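Asks: The structure that follows is given in the form of structure tokens.
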Amino acid sequence: MKLDEQTRGDFPILQRIVSGHPLVYFDSGASSQKPRAVIEAMSEYYERSHANVHRSIHTLGEEATELYELARDAVQRFIGATSREEVVFTRGTTDGLGLIAETIGRTLKRGDEIVVTELEHHSNLIPWQLVARDRGAVIKAAPILADGTLDLAALDRLLTARTRVVAFTHVSNVLGTVTPVVDIVRRARSVNAITVVDGAQAAPHMRVDMSALGCDFYVFSAHKMLGPTGIGVMYGRRPVLDSFEPGRGGSEMIKEVWIDRAQWNDLPWRFEPGTPPIAEAVGLTAAIGYLEKLGMDRVAAHERALTRRTIEGLAAIPGVTVYGPPLAVDRGAVVAFAVDGLHPHDVAALLDAEGIAVRAGHHCAMPLMRRLGVVGTSRATFSVFNSPEEVSQLLTAVAGLRASL
Amino acid sequence: MSQASSAPNRLYSDVIRERWRRPRHRGDLPGANAVAEDVNPLCGDRVRLMLTVEPQGRIAAARFVGDSCAICTASADVLAELVSGRSRSDAAAVEVGDVLAVLQAEIRPTRMRCVTLPLTVLAKALNGGRGA
Ligand SMILES: Cc1ncc(COP(=O)(O)O)c(C=O)c1O
């Protein structure tokens, strides 16, 4: 059975009628919809087991703690981390990248260099700008080539003995470019730089394996992978996590506290101050279980087919420009496009009138927009529940757009 | 699109379509002496408004340029028309309601910033925005 046929019935929201049409949801890149399994796991947790974790010595406290820590095991398995101590829960990708930037930031010296790429989401740029400003560090960006892939030769020229961090996206949330993580990690390591990978658009859509990628940090959000909002994952390689002081303080992350000092807790709790997102962790476990049951390779193949169909279809419509690497190159489940003479916001509003949800705007990647020479783009992104028929609907609607405004 | 056209029609009124296709006040204004520009951080839209203000304070001409959606473009076009020939203080008193009354569209809250951006730029221009 095709993946969308198998999964559609699991997503209650797909019953929605929007502007008189059944909802076609092509905005999972911004936030995916949730299967019933996730919604029910979270309500069941709240109805039966909720209490705070790691501090309440009573039945519910123990159940909540166990459920919360089970999520860590699920993530460890899902991303192929060596140990559960390497899995730190955050509030999301932005929060994780901020935490990493603050943590590494404390050790930066004047003149140290942070290398990013032109593909980055603002979440992987602004936290570095903030610490660079505080510490007198310098940010440099590896450019992209005309086809939307990274210019690795240019990246090489940016890597020097002063490079402390190489922070880059695994999959571009605009162009769909898949960056060669293993290759970049190897280059970064040759100058002893720490590697930070933004996996927000990768983890939901393909098999990611930390032992194969070899990066020092990898972050992603649950809400883009069928899970709830409010929780994300910061994977940190054990020796690297061990080498850093905690970036943020509070309860949970300490062992013993005096007025003027404290002894840090063990990993991973050392990086999890305060009450964590417990119900969200339960939801994340369910989302991972759901994806694993489908199989990430099958998910990737399904979404690749939708991406290909969309790119080929859009490219055949006069006046439509498709951005990003050619089909022959590996691409994520993202298609950004422009319709001649129409502003991206108007494209999105006109498609919404036909029940089709796409995103429009700068996609939190203004430097990339500037590089492409546009204010913004329209963008369709895919998930397990999307069907080839929905893609056909999108193509028909886009073909009629220019006449409609 | 035909069977769905009623829905976008409510958002994209005839006035908006007409002003988007054929703006009446778009383009440079050489000799403008009150100029301002601003960006909508949500979408990156940019509008630049140029006014020629006479010594006595009457706005002799107003034009705009920018990268903007149909709603924002129509709003800027209407605004330029509304302030032309008015005194500075009358122009400063133009409100979003005045623009909406001309646009005759059902603007959703998410798109209201598209309507108000040109008004923000006008306020800047009247409060001493100068030069090119
Ligand atoms: C590549 C990329 N990085 C970071 C983010 C930020 O994720 P979040 O808003 O969940 O923190 C997103 C999505 O918005 C993204 O696509």
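The values are calculated or read from the model by the stated rules, or taken from the named source; none is laboratory data. Every value quoted in this text rests on a predicted model; they were computed, and no experiment measured them. A quick note on method: Cβ atoms are made from the backbone with ideal geometry, for glycine too, and the neighbour counts reach across all protein chains shown. Surface accessibility is based on the protein's heavy atoms, side chains included, excluding ligands, DNA and RNA. Shrake-Rupley method; radii C 1.70, N 1.55, O 1.52, S 1.80 Å.
Asks: Volume per residue, Å³, of the convex hull around the alpha-carbon atoms of the protein assembly as shown?
Replies: Each residue corresponds to 183 Å³ of Cα convex hull volume.
Asks: Hey, another quick one. Express the accessible area of chain B per residue in Å², computed with a 1.4 Å probe while the remaining protein chains stay in the model.
Replies: 47 Å²
Asks: Now for a separate question. To the nearest 100 Å², how much accessible surface do chains B and A hide from each other in total, with a 1.4 Å probe? Write out the running numbers ahead of the final one.
Replies: On the way: alone 7030 and 16500 Å², together 21860 Å².
Summing both sides, the interface buries roughly 1700 Å².
Asks: Over the protein assembly as shown, with every protein chain in place, what whole percent of the accessible area is carbon and sulfur at 1.4 Å, could you tell me?
Replies: Accessible surface attributable to carbon and sulfur in the protein assembly as shown totals 52 percent.
Asks: Dipole of the range B:11-126, Cα-centred, from +1 at each Lys and Arg C-beta and -1 at each Asp and Glu C-beta, to the nearest 20 debye?
Replies: 160 debye
Asks: For the range A:39-292, what proportion of DSSP beta bridges, expressed in % and rounded to the nearest 5, is antiparallel?
Replies: Once the DSSP bridges in the range A:39-292 are tallied, antiparallel ones form about 45 percent.
Asks: Okay, next question. Kirkwood hydrodynamic radius (Cα pairs, Å) of the range B:11-126?
Replies: 13.8 Å
Asks: First measure r as the distance between the Cβ atoms of A:Ala262 and A:Lys293, then evaluate 1/(1 + (r/R0)^6) with R0 = 60 Å and state the FRET efficiency to the nearest 0.05. Walk me through the numbers on the way to the answer.
Replies: Values: r = 42 Å, r/R0 = 0.71.
The formula returns an efficiency of 0.90 here.
Asks: Now for a separate question. Can you tell me the dipole magnitude for the range A:225-338 around its Cα centre, using point charges on the Cβ only (Lys, Arg +1; Asp, Glu -1), in Debye to the nearest 20? Don't skip to the end; give the middle numbers.
Replies: Working: 12 positive and 13 negative charges, 84 e Å.
In total the dipole reaches around 400 debye.
Asks: Please say if the range A:327-405 is rounded, prolate or oblate, where rounded means a/c under 1.5 for a ≥ b ≥ c the square roots of the C-alpha gyration tensor eigenvalues, and otherwise the choice is prolate for a/b larger than b/c and oblate otherwise?
Replies: Since a/c reaches 1.5 but b/c is at least a/b, the shape of the range A:327-405 is classed as oblate.
Asks: Right, something else. Please compute the average number of Cβ atoms from other chains found within 10 Å of each residue's Cβ in peptide A:346-353.
Replies: Details: counts 13, 1, 2, 11, 8, 2, 4, 10.
Mean shielding by partner chains, rounded to a whole number: 6.
Asks: With all protein chains present, calculate the accessible area of A:Ile17 using a 1.4 Å probe and round the result to the nearest 10 Å².
Replies: 100 Å²
Asks: Mind ranking A:Arg261, A:Arg248, A:Arg135 by accessible surface for me, highest first, 1.4 Å probe?
Replies: A:Arg261, A:Arg135, A:Arg248
Asks: With Kirkwood's inverse mean 1/r over C-alpha pairs for Rh, give me the Rg to Rh ratio of the range A:1-123, two decimals please. The partial results should precede the final answer.
Replies: Details: Rg = 20.1 Å, Rh = 18.8 Å.
So for the range A:1-123, dividing Rg by the Kirkwood Rh gives 1.07.
Asks: Still on this structure, please answer the following. Based on the Kirkwood radius over alpha-carbon pairs, what value in µm²/s does the Stokes-Einstein equation return for the translational diffusion coefficient of the range A:39-292 at 37 °C and 0.692 mPa s?
Replies: 175 µm²/s
Asks: Please sort by residue number the trypsin sites (Lys or Arg not before Pro) in the range A:2-58 whose DSSP state is loop and whose Cβ has at most 15 other Cβ atoms within 10 Å. Mind dumping the intermediate values first?
Replies: On the way: sites: A:Lys2, A:Arg8, A:Arg16, A:Arg36, A:Arg48, A:Arg55; in loops: A:Lys2, A:Arg16, A:Arg55.
Hits after loop and neighbour filter: A:Lys2, A:Arg16, A:Arg55.
Asks: May I pose another question? Nearest 500 deg cm²/dmol is fine: what mean residue ellipticity at 222 nm does the protein assembly as shown get from its DSSP H runs of n ≥ 4 alone, each adding -39,500 (n - 2.57), divided by its residue count?
Replies: One gets -11500 deg cm²/dmol as the mean residue ellipticity at 222 nm.
Asks: Here's something else I'd like to know. What does the highest-first list of B:92-103, B:72-83 look like by mean Cβ count within 10 Å?
Replies: Highest mean packing first, the order is B:72-83, B:92-103.
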